[in-house]
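Notes to accompany the following structure.
The values are calculated or read from the model by the stated rules, or taken from the named source; none is laboratory data. On a predicted model such as this, the values are computed, not experimentally measured, just so you know. As a convention, Cβ positions derive from the backbone with ideal geometry for all residues, glycine included, and neighbour counts pool all protein chains shown.
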Amino acid sequence: MVSGSLAGNNLSGNLPPNFGSYLPNLEDLILAVNKLSGIIPSSIGNASKLRTLALGNNMFTGSIPHALGRLRFLERLHLGANNLKGESSIQELSFLTSLTNCKRLRILYLSFNPLIGILPISIGNLSTSLQLFGASTCKLKGNIPTEIGNLSNLYQLSLNNNDLTGTIPPSIGQLQKLQGLYLPANKLQGSIPNDICQLRNLVELYLANNQLSGSIPACLGELAFLRHLYLGSNKLNSTIPLTLCSLNDILSLDMSSNFLVGYLPSDMGNLKVLVKIDLSRNQLSGEIPSNIGGLLDLTSLSLAHNRFEGPILHSFSNLKSLEFMDLSDNALSGEIPKSLEGLVYLKYLNMSFNRLYGEIPTEGPFANFSAESFMMNKALKRNAVLPTQAESLPLATWRRISYQEIFQAANGFSGGNLLGRGSFGSVYRGTLSDGKDVAIKVFNMQEEAAFKSFDAECEVMRHIRHRNLIKIISSCSNSYIDFKALRLNIMIDVALAMEYLHHSCSTPIVHCDLKPSNILLDEDFGGHVGDFGIAKLLGEEESMRKTQTLATIGYMAPEYGSNGIVTTRGDVYSYGIVLMETFTRRRPTDEIFSEEMSMKNWVRDSLCGSVTEVVDANLLRGEDEQFMAKKQCISSVLGLAVDCVADSHEERINMKDVVTTLKKINLTYLASSY
């Protein structure tokens, strides 16, 4: 047998120790996307004719065997998405040194393994034929070795979502064939080296979510093939180089969350194929150039949280493909052009916190936008006219009602307002703020069939109109169904709150009772931590205290429950449990859990097996085209949760690291689902 492929066959078990000894003539071994576990046997080095070894997307553990260095004909090595680690006693990932013997190696993919180590300088001695090196989400530490510039045939370098520090080595400019450079979500510092501008074949440059400072190199405008430029969430503090307007083929431009100043270049209209612009959260000023209206392929435009002034341009009405526009928190003035009603694909609009006046347009997409899209513009007014015949009530003029108004209308969904219960929900009597009496149907989203019931009811009601049939006024959602917009973002909000309590207050505050019922949501589903009834202050030089006040069973840290020890790491433990509950929809006190199998052990075991078995089924559906991106994101979130709930408080991470990790996970998910 020369080639063997058993990929995607749900295989389980271990590879036998002498596995490789039986394969002296095998050239291609493909066992990816199974459930194989245990270590990769060193005997694999005896399969001396192997050209392809693909063991990715399994559950292999242990270290990567040095014996792979004996595979002199190896061209493709895929070990990604396992649970492989570096040698425990050695900081450097020495297996990479052994792979320098594989002189024909073209593909080396290690991503999504907790390698936890430093890239050795011997990485520069890897095969000069190497075209792809992927080590994303591997918990890599230390610097990017200068010697990486020796890999002269590299097409793609992916080191994103690690803990890499130091600067971007100028030697990267030697990788003349590089088309994709992915370094986001690390801790890289210093400036963006001008040497990157020597990468004349570069198509994608991702440097977001680091600590890079200084100027954006003007020479980036010379990269004629650049399609995606992501520099957001750094500390860049220059103007936007005029030369970037020479990037005629650029599709995505993201420089958000920096300290950029000055005006938008007047030639931005030259970027004719641009699909996404995100310059939000900077200090940009002046008027928005009118020729942005010539970017006919633009689907997303965010200029929020800057200092732009002047009018909202009539030329924006030419952006017929636009789906997302955020101009909030600037100093824009004048009227909202009525011509924007023609943006039929616009799904999100935010013009709040400006100085706009006049009437808000009511036709087209504007019929679907709530007051929140226009708030804090004191001179704006909405002059919507409701129809007199309810039978002909069009969808565009349905009233938008917040969950809070519904909650108040039904008296908090009290028993006194209950009209009846059904298989998939309950119906309550209520009175809206304008005095209208309504019936409010609340679906039980714990029941999967409720989704189908809701869809079916909507499908029926959209086709019927009669004065003696119930009329649908509006609907709203307060569920956790949207993975990206709700669950993850809410938990990031909570983490930011806890980080503030622990690390930004003059006297650290320990909440002592973090649990879901103490997390409140605002109208935009932003998370807010409340109930400080048993919180404790830690004085100077005090890292822990003792208390006799008990927190909530299931959420309190072991040292709190047994000895009354209060530390900030106790809050971290509680946060980890809440994080697990958020993504599994299981409470730590559910009957399935016991001393033998606690919630944290259940989740921990799933990370070594199939995480889909513990995740809320509403988040991961096999037919979802972004299934793998979501699965990896949720696995990373649950891995973080496990790090939060270590038995010893000294082994838990702190809330600063929690925030950093969650932001990295979010960025990685957004990049992979783009």
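Taking region 151-172, which residues are outside any loop (DSSP other than H, G, I, E, B), at pLDDT 95 or above, surrounded by fewer than 21 Cβ atoms within 10 Å (Cβ to Cβ) and not hydroxyl-bearing (Ser, Thr, Tyr)? Listed by number, the list holds a single entry, Pro170.
The requirement of being touching a residue at least 12 places away in the same chain (Cβ under 8 Å) and closer than 28 Å to Lys338 by Cβ is satisfied by Ser290.
Residue count for region 296-322 under the criterion of being crowded, with 16+ Cβ neighbours inside 10 Å, within 25 Å of Arg227 (Cβ to Cβ) and not polar (S, T, N, Q): the result is 7. Of all the residues in region 584-617, those that are over 21 Å from Lys85 (Cβ atoms), surrounded by fewer than 17 Cβ atoms within 10 Å (Cβ to Cβ) and not charged (D, E, K, R) number 7. Against the list (1) crowded, with 19+ Cβ neighbours inside 10 Å; (2) over 20 Å from Gly80 (Cα atoms); (3) not polar (S, T, N, Q), the condition Ile121 fails is (1). Among the residues making up region 249-273, a single one is outside any loop (DSSP other than H, G, I, E, B) and in contact with a Leu (Cβ under 6 Å, 6 or more places away or on another chain): Leu253. Checking each residue in region 277-295 for being at negative phi and surrounded by fewer than 20 Cβ atoms within 10 Å (Cβ to Cβ) picks out Gln283, Ser285, Glu287, Pro289, Ser290, Asn291, Gly293, Gly294.
Residues in region 102-126 that are hydroxyl-bearing (Ser, Thr, Tyr) and assigned to a helix (DSSP H, G or I): Ser122 only.
Does Tyr560 fit the bill of being aromatic (Phe, Trp, Tyr), part of a helix (DSSP H, G or I) and at pLDDT 80 or above? Against the criterion (aromatic (Phe, Trp, Tyr), part of a helix (DSSP H, G or I) and at pLDDT 80 or above), Tyr560 does not qualify.
Here is a check on your reading of the model: is Leu181 closer than 26 Å to Ala32 by Cβ, assigned to a strand (DSSP E or B) and within 30 Å of the chain's Cα centre (by Cα)? Spelling it out, Leu181 is indeed closer than 26 Å to Ala32 by Cβ, assigned to a strand (DSSP E or B) and within 30 Å of the chain's Cα centre (by Cα).
Residues are listed down the side, and each one gets a yes or a no for (1) modelled with pLDDT under 80; (2) farther than 21 Å from Asn34 by Cα; (3) in contact with a helix residue (DSSP H, G or I) (Cβ under 6 Å, 6 or more places away or on another chain):
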| residue | (1), (2), (3) |
| --- | --- |
| Gly609 | yes, no, no |
| Val614 | no, no, yes |
| Asp624 | yes, no, no |
| Lys631 | no, no, no |
| Glu650 | no, yes, no |
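Regarding region 35-46, can at least one residue be identified that is farther than 29 Å from Ser610 by Cα and either surrounded by fewer than 15 Cβ atoms within 10 Å (Cβ to Cβ) or out of contact with any Leu (no Cβ under 6 Å at 6 or more places or on another chain) (or both)? Yes, some residue in region 35-46 is farther than 29 Å from Ser610 by Cα and either surrounded by fewer than 15 Cβ atoms within 10 Å (Cβ to Cβ) or out of contact with any Leu (no Cβ under 6 Å at 6 or more places or on another chain) (or both). Is it true that some residue in region 4-15 is under 27 Å from Thr128 (Cβ atoms) and out of contact with any helix residue (DSSP H, G or I) (no Cβ under 6 Å at 6 or more places or on another chain)? For region 4-15, residues under 27 Å from Thr128 (Cβ atoms) and out of contact with any helix residue (DSSP H, G or I) (no Cβ under 6 Å at 6 or more places or on another chain): absent.
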